[in-house]
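As structure tokens, the structure follows; a few thoughts come after it.
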Amino acid sequence: MSDMDKNISPEHKLFLLKVKRQKIAVNTARIAILVALIILWEVLAQFRMIDSFITSSPSRIVRTLVNLYREGTLFRHILVTCSETVIGFLLGTLLGTLIAVILWSSSFLARVFEPYLVVLNSLPKVALGPIFIVWAGAGPVSIIMMALAISLIVTIMEVLNGFLGVDRDKIKLMEAFGANRFQTFAKVVLPSTRPVIMNALKINVGLSWVGVIMGEFLVSKAGIGYLIVYGGQVFKLDLVMASVIILGIAATLMYHGVLFLERILFRNS
Amino acid sequence: MSDIVAVHNLGMKYHSLNGEIDALKNVNFTVKKGEFICIVGPSGCGKSTLLSLLAGLLKPTEGEVYIKGKKVSGASLDVGYMFQKDHLFEWRTIHRNVLIGPEIRRTLTDETKEYVLNLLKTYGLYEFKDKYPSQLSGGMRQRAALIRTIATKPDILLLDEAFSALDYQTRLAVNDDIYSIIKKENKTAILVTHDIAESISMADRVFVFSKRPGTIKNIYEIKLSCPQRTPLCSRDAPEFRYYFNKIWKELDVHV
Ligand SMILES: Nc1ncnc2c1ncn2[C@@H]1O[C@H](COP(=O)(O)OP(=O)(O)OP(=O)(O)O)[C@@H](O)[C@H]1O
Ligand SMILES: [Mg+2]
């Protein structure tokens with residue numbers, strides 16, 4: 001790196017400087033917008049130009065968060081929702097990939113189940129909510145089932161398409177070496193589908209959040225989704241806003257967790 | 001029996017709901033050990049199908065294929081296959097790429113490893129063995145693909161338009177490169193190509209196929225008077241144009 005720096009022409013130095021300046025400008029603008037919005041919101045609320053009973057305000061949100069923290073319930077709610085999401089996400093990804101493998105290995109099964117997948121995929125999953133509640137009770141299990149219902153079918157279809165999209169000649173090459181179906185899968189199909197699986201993972205994180213919050217709306221007694229519904233019912237918009245902000249932060253963190261995982265797992269590809 | 005490949009009355013029909021496709025019909029030929037055969041023919045006349053049949057990846061609907069006197073049924077261990085794309089696996093280093101064949105056949109002994117390392121050394125890829133395919137040039141990648149193919153010590157190499165993906169300059173160089181490796185390793189080769197000049201420059205004999213259902217229309221024995229028989233030198237031989245015109249007419253291309 002250091003002797004590359006020495007060989008940089010003045011033009012290139014200028015270019016790098018420009019790129020760096022642009023980056024700083026973008027970041028500054030981003031932060032400025034956020035700060036401006038928060039200040040505007042707070043000022044409008046303080047001078048009663050908007051009704052903070054309906055719109056809440058940054059200071060009230062902070063107070064609510066502090067209260068939740070003092071009551072000792074803040075992290076419990078976050079933990080409940082996050083663990084439901086993680087379980088839903090892992091189950092969705094693992095089961096989805098496993099089922100895709102089975103459908104890939106048997107074109108008969110793939111053909112048999114194709115219409116089922118299509119119907120299940122187009123069905124609005126929230127309609128299944130009441131069924132899950134009757135089956136699994138109004139608890140975390142139904143919520144995880146909800147998350148699974150949303151992410152599973154998409155995962156199966158994405159990953160199966162990835163498997164089927166592997167170059168025919170690559171498979172022919174393996175056959176010419178005398179590979180059996182399992183070897184072909186392990187050595188060619190799975191590794192060349194890694195980007196597709198990674199994408200499915202990223203989509204799944206988002207879908208799992210949707211499923212879990214939807215599930216919590218329907219049944220739960222704890223969790224961020226519960227806080228949102230409860231806050232809405234008793235007209236505590238402070239609580240609703242605070243929960244939405246927590247949700248945004250948690251979902252972003254988890255998404256970056258997956259990106260981090262991707263970088264660790266696929267460092268050399 | 002010096003015929004390493006013998007094809008008797010070979011025919012192949014594909015069946016689909018839209019009907020059946022007569023891909024090959026009545027194909028007969030033999031190939032001697034060490035010979036270099038080129039196959040040219042119109043698009044869709046069954047050339048790739050023929051290679052798949054020779055490799056035992058497809059079952060003929062008629063006739064039979066003999067390799068080293070044994071009838072082919074199922075993937076044959078005596079042939080190696082090369083495609084238009086090199087199909088090196090991006091997630092494996094060059095070293096692990098060229099070892100894939102022995103790995104699949106579970107013949108990954110110290111002796112094979114040694115053999116493969118020697119191939120890498122001989123053909124100038126040893127320094128690149130820990131690099132990934134994307135770090136190599138097109139020509140080097142094709143050379144790596146050839147080493148991967150001969151790592152399982154096949155006697156016969158089947159090359160399906162193996163050079164078509166390369167740009168013209170690289171292609172001429174890779175022609176020479178691959179040709180010399182094949183000759184040095186003493187392999188029998190069957191190359192499918194669309195390029196008449198390429199076929200003449202490399203082949204001992206050129207098989208010209210007819211339109212579908214493909215069958216051998218004519219066989220040209222290529223006799224060139226040039227000091228060394230390398231693809232590049234062959235292109236300068238006085239007889240080159242003669243063969244070119246003959247095969248060109250034979251192919252009867254209309255636009
Ligand atoms: N699996 C298959 N099922 C049905 N038809 C097939 C199949 N594979 C090939 N064919 C048909 O058989 C004929 C011969 O195909 P093949 O790929 O062997 O031709 P080719 O000479 O290699 O053509 P090209 O020069 O374009 O590579 C074509 O008409 C093709 O459409
Ligand atoms: Mg072909």
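The values are calculated or read from the model by the stated rules, or taken from the named source; none is laboratory data. Keep in mind that this is a model prediction, so the values were computed, not measured. When we count neighbours, we look across all protein chains shown, and the Cβ atoms used for this are built from the backbone with ideal geometry, even at glycine. Accessible surface areas use protein heavy atoms only, side chains included; no ligands, DNA or RNA. Shrake-Rupley method; radii C 1.70, N 1.55, O 1.52, S 1.80 Å.
Between A:Y116 and A:K202, the FRET efficiency from the beta-carbon distance, with R0 = 22 Å, is close to 0.30. Name the longest site-free stretch of chain A, where the excluded sites are chymotrypsin sites (Phe, Trp or Tyr not before Pro) in a DSSP loop with no more than 15 other beta-carbon atoms within 10 Å. Between the exposed loop sites, the longest stretch runs A:48-234.
Chains A and B: what accessible area do they bury, summed, in square angstrom to the nearest 100, with a 1.4 Å probe?
1900
In the stretch A:169-190, the residues that give up 40 Å² or more of accessible area when the other protein chains are added, compared with the chain on its own (1.4 Å probe), are A:D169, A:K170, A:K172, A:L173, A:A176, A:F177, A:Q183, A:K187.
Ignoring lysines fewer than eight residues from B:K223 along the same chain, the ones with Cα atoms less than 28 angstrom from its Cα are B:K32, B:K33, B:K47, B:K68, B:K183, B:K184, B:K187, B:K211, B:K246, B:K249.
A 1.4 Å probe run over the protein chains yields, for the protein assembly as shown, 53 Å² of accessible area per residue, whole-number rounding.
Over the protein assembly as shown, dividing the summed -39,500 (n - 2.57) contributions of all DSSP H runs of at least 4 residues by the number of residues returns a 222 nm mean residue ellipticity of -18500 deg cm²/dmol.
So which trypsin sites (Lys or Arg not before Pro) in the stretch A:1-79 end up in coil per DSSP with only 16 or fewer other C-beta atoms within 10 Å?
Answer by residue number: A:R48.
Protein heavy-atom surface of the stretch A:106-209, 1.4 angstrom probe: 69% of the accessible area is carbon and sulfur, with nucleic acids and ligands not counted. For chain A, the square roots of the Cα gyration tensor eigenvalues, ordered a ≥ b ≥ c, give a/c of at least 1.5 with a/b no greater than b/c, which places it in the oblate category. What is the sum of charges around A:G223, taking Lys and Arg as +1, Asp and Glu as -1, for the other residues whose C-beta is under 11 Å from the C-beta of A:G223? Its environment carries a net charge of 0. Once the chain from A:L16 to A:V101 is taken as fully extended at 0.36 nm per residue, the excess over their C-alpha distance is 26.0 nm. Taking the accessible area of the stretch B:102-235, probe 1.4 Å, and keeping the other protein chains in place, the carbon and sulfur fraction comes to 49%. Remark: spin-label model distance A:S9-B:L17 equals 6.1 nm, labels positioned 7 Å along the Cα→Cβ axis.
Taking amide H positions as modeled 1.01 Å from N, with prolines and chain starts lacking one, the residues under 5 Å from B:I222 and 5 or more places away or on another chain are B:R205, B:V206. Taken along the Cα-to-beta-carbon direction at a fixed 7 Å, the label points for A:V43 and B:R96 span 5.9 nm. 3J(HN,Hα) couplings calculated from phi for the stretch A:252-260 with the Karplus curve 6.51 cos²θ - 1.76 cosθ + 1.60 (θ = phi - 60°) are, in sequence order, 5, 4, 5, 4, 5, x, 5, 4, 4 Hz; Gly and Pro show x. Averaging the sequence gap over all C-alpha pairs within less than 8 Å and six or more residues apart, then dividing by the number of residues, gives the stretch A:62-265 a relative contact order of 29 percent.
By accessible area, using a 1.4 Å probe on protein heavy atoms only, the stretch A:3-50 has 70% of its surface on carbon and sulfur.
Only beta bridges with both residues in the protein assembly as shown are counted; by DSSP, about 55 percent of them are antiparallel. If a paramagnetic tag sat 7 Å from the Cα of B:D167 along the Cα-Cβ line, which residues of the stretch B:49-92 would have the backbone N under 20 Å from that point? Counting backbone N atoms under 20 Å from the label point, the list is B:84-87. In this simple spin-label approximation, B:N218 and B:D252 carry label points 7 Å from Cα along the Cα→Cβ vector, and these lie 1.1 nm apart. Sequence-distant contacts, meaning Cα pairs under 8 Å at least 6 residues apart, place the relative contact order of chain B at 25 percent. Between amide H atoms placed 1.01 Å from N, distances below 5 Å from B:Y81 occur with B:L158, all of them 5 or more places distant or on a separate chain. Fully extending the segment from A:R181 to A:I264, taken as 0.36 nm per residue of separation minus the present Cα-Cα distance, adds 27.0 nm.
Residues of the stretch B:99-134 buried by at least 10 Å² of accessible area upon assembly of all protein chains, compared with the chain on its own (1.4 Å probe): B:I100, B:G101, B:E103, B:I104, B:R105, B:R106, B:Y132.
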